[in-house]
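**Q** Attaching a single structure in C-alpha cells format; questions to follow.
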Amino acid sequence: IAVLQIVKESQQQHGLRHGDFQRYRGYCSRRLRRLRKTLNFKMGNRHKFTGKKVTEEILSDNRYLLLILMDAERAWSYAMQLKQEANTEPRKRFHLLSRLRKAVKHAEELERLCESNRVDAKTKLEAQAYMAYLTGMLRFEHQEWKAAMEAFNKCKTIYEKLANAFTEEQAVLYNQRVEEISPNIRYCAYNIGDQSAMNELMQMRLRSGGTEGLLAEKLEALITQTRAKQAATMSEVEWRGRTVPVKIDKVRIFLLGLADNEAAIVQAENEETKERLFESLLSECRDAIQAVREDLKPDQKQREHSLESDSGKVSNIQYLHSYLTYIKLSTAIKRNESMAKSLQKALLQQQRSEEDGKRTPRPQDLIRLYDIILQNLVELTQLPGLEEDKNFQKEIGLKTLVYKAYRCFFIAQSYVLVKKWSEALVLYERVLKYAREVQSGAGAYTNSLKELPDVQDLITQVNAEKYSLQAAAILDANDSHETESPSQVKDGKPLSERFETFCLDPSLVSKQVSLVHFPPGFQPIPCKPLFFDLALNHVAFPPLEDKVEQKAKSGLTGYIKGIFGFKS
C-alpha cells in the first residue's frame, strides 16, 4: 500500500485542509468500521467485546494493513485536536501524550507486519518512515530533542531516497513531507545548542511567505517558542532617549523578533509574501499592545490616587504602550505605502491591463491609501509622552507634508480624467508648495526622511504634467467652439425614434442597449359604447286574453277527448 499517499489524500479530503482534526478523527472511525465489516474482522458483538489482532497468517489482503494505519491515524488526529485545546486547558496535555503513545504503538505494529515476505519493499520503507515520523512527534512533545531529531532525520532520509527512486509526480508527496519535517529538525537542533538554527527557521518562513496551512502555522509556533527562550535575557528597551523596563513576556518576544520580521519584509520576493508578513507583524503587535493595556489599567488607577507632584511625566508602562503603538502605526504606514507603490506600477501598465480584461486601477484607489496614512500620522502626534518632543513632532510634520503632496497629486490626476483642467492645475500648484516646504525644512531630518518617497521626483513629474494639462485644456477649448456633428449628439432617444438620424452610439453593442421605450407609455383610446333600450316603455304588446281563456277550459274533459282522438 502507498502509506503516505493514502494518509495525505484522506487528510486533505476530510478536514485537515482547514485544520479540523475532530472531523478527520470521525472519518478514521467510520472507515475502520467499514473495513472491519467488509473483512468480517469484528471485535465481538454489541453485547461483548472480543479483541482480535492482525497477524501474518491472516495477511491475505492489503486492507488488513489499512486497519492498523487508520487506528494510528485516529489516535494521531485526536492528539493534534487535544494539542489545539491544550492552549486554554493545560490538563489536556496528559491526554495528548497518551494518544500519541497509542499512535506510535499502532505504527510499530504496522512496521512489524510489513516485515513479512508478502509485503513489497516500497511499503516496508514507507511503514518505517511513518513509524519514525510518529516517534519523532512523541519525543518532540516530551521535549527529548536528541531522540526526536534522530527520528526525524531517519524519516527524512527514507523519504528523500523514495523521492529519488520514483518519477517526479510520485516524488512530490515525499518532498512535501520532507519540507514539513525540516522546521522540526532545525528547532530540535536549536534546543540542542545550534544557534544558527533560528536564522534557518526565519528563512523557511520567508520561503513559505505566500502560502498558508499547517506548515506556515508550524513555523510560526516554532519561531515563537524559540524567541520565548531568548526573551528570558531581555529586561529593558530604549526609545528616544528613555529606557523602559519590559516585564511582560509577550512584549519581550515581540520586540525580540521585530528586527527579524522587518528584515524578512525587506527580503520578500513578491507583493503577496510582503503583505502576509505585514499582516503577521501587525497581528503580533496588536497582541503585545493588548497585554500592555491590561497592565495599564491598574497602573492608571494607582496614578489617580497617588499624590506625586510630577504629573507631567508618563509612567514606564504608559511609555511602553506609546512605543508599541508607534511600531504598529509605523508598520501600517509602511504597508499602505507598499500597496501604493504597487498600484502606481499598475497605473503605468494601464493599457496592458485593459487588454487583459482586468479591472483597471484608478487614482481614487491611491487617494484612499494616502488618507489612511495621514490619519495614522495624526495618531502618532497624539501619543502620550511625546507631546513635548519637538523633534518628533517636527519629523512627523515633514512626513505629513510629503504624503499630503502625493495625495494632492493623485487628486489632480483624478480631475484630469474628467477634464476639470482648472481644478487639476490648482492642485498641481498645491503639490509644488508642499514639496518646497519639505525641501526647505528637511535639513536636520534627512536621515528620518530617507525611507519616504523622493519629493524631487514628484516635482519633476508635476512640472511635466502641468505642461500636458495646459496643452490638453487648449485643445479641449478649441473643440468646444466647433459645432457638434449630428453623429455625436446624444439626445437619449431610443433607436426606434431616430431611424432617420445617423448617430454613433456605443451603447448599441453593450448589454444596456436602448431600442424602445419599455414599458410603453399610456395613450388615450375610445371607450366601448354603452346601449340603453329606451323604446321599451312605448311599445304596445298584442292581447293574449283568448289564449288565457282556452287554457282555463282545458281540464279532465279535454284530457279524455285527447285520449280518444276527439278534437274540439
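**Q** If you scan region 120-156, which residues turn out to be open to solvent by less than 20 Å² (accessible area, probe 1.4 Å) and of a type in the set (Val, Ile, Thr)?
**A** Matches in region 120-156: Thr123 only.
**Q** Run Glu169 past the list (1) surrounded by fewer than 22 Cβ atoms within 10 Å (Cβ to Cβ); (2) farther than 19 Å from Val7 by Cβ and report the number of the one that doesn't hold.
**A** (2)
**Q** When only residues in region 270-300 that are open to solvent by 80 Å² or more (accessible area, probe 1.4 Å) and touching a residue at least 60 places away in the same chain (Cβ under 8 Å) count, which is nearest to Asn336 (Cα to Cα)?
**A** Per the stated criteria, the residue is Glu271.
**Q** Checking Gln470 against (1) open to solvent by 60 Å² or more (accessible area, probe 1.4 Å); (2) modelled with pLDDT of 75 or more; (3) farther than 30 Å from Leu432 by Cα; (4) touching a Leu at 6+ places or on another chain (Cβ under 8 Å): exactly one of these is not met. Which one?
**A** (3)
**Q** Would you point out which residue out of Arg242, Arg177, Arg205 is within 29 Å of Met80 (Cβ to Cβ) and modelled with pLDDT of 60 or more?
**A** Checking each option against the conditions leaves just Arg177.
**Q** May I ask you to verify whether Gly385 is assigned to a loop (DSSP other than H, G, I, E, B) and surrounded by 14 or more Cβ atoms within 10 Å (Cβ to Cβ)?
**A** yes
**Q** Continuing with this model, one more query. Just need a number here: residues in region 58-102 that are open to solvent by 30 Å² or more (accessible area, probe 1.4 Å), within 23 Å of Arg112 (Cβ to Cβ), assigned to a helix (DSSP H, G or I) and among the polar types (S, T, N, Q).
**A** Of the residues in region 58-102, 1 are open to solvent by 30 Å² or more (accessible area, probe 1.4 Å), within 23 Å of Arg112 (Cβ to Cβ), assigned to a helix (DSSP H, G or I) and among the polar types (S, T, N, Q).
**Q** Does Lys247 satisfy the criteria of being at pLDDT 80 or above, in the same structural domain as Ser338 (by the TED database) and outside any helix (DSSP H, G or I)?
**A** Spelling it out, Lys247 is indeed at pLDDT 80 or above, in the same structural domain as Ser338 (by the TED database) and outside any helix (DSSP H, G or I).
**Q** Of all the residues that make up region 383-435, how many are in contact with a Ser or Thr (Cβ under 8 Å, 6 or more places away or on another chain) and over 27 Å from Ile327 (Cα atoms)?
**A** The qualifying residues number 0.
**Q** Can you tell me which residues in region 103-130 are in a helix (DSSP H, G or I) and among the charged types (D, E, K, R)?
**A** Kept after step one, since they are in a helix (DSSP H, G or I), are these residues of region 103-130: 103-113, 121-130.
Listed by number, the residues that qualify are Lys105, Glu108, Glu109, Glu111, Arg112, Lys122, Lys124, Glu126.
**Q** I need the full set of residues from region 388-399 which are assigned to a helix (DSSP H, G or I) and either open to solvent by less than 30 Å² (accessible area, probe 1.4 Å) or of a type outside the set (S, T, N, Q) (or both), in order please. Full working, then the answer.
**A** Step one: list which residues in region 388-399 are assigned to a helix (DSSP H, G or I), which gives 390-399.
Once the filter is applied, which keeps residues that are assigned to a helix (DSSP H, G or I) and either open to solvent by less than 30 Å² (accessible area, probe 1.4 Å) or of a type outside the set (S, T, N, Q) (or both), region 388-399 yields Lys390, Phe392, Lys394, Glu395, Ile396, Gly397, Leu398, Lys399.
The values are calculated or read from the model by the stated rules, or taken from the named source; none is laboratory data. All values derive from a computational prediction rather than experimental measurement. Because the Cβ atoms are built from the backbone with ideal geometry, glycine has one as well, and the counts that use them run over all protein chains shown. The protein model used for the area step is the full one, side chains on, heavy atoms only, and it has no ligands, DNA or RNA in it. Shrake-Rupley method; radii C 1.70, N 1.55, O 1.52, S 1.80 Å.
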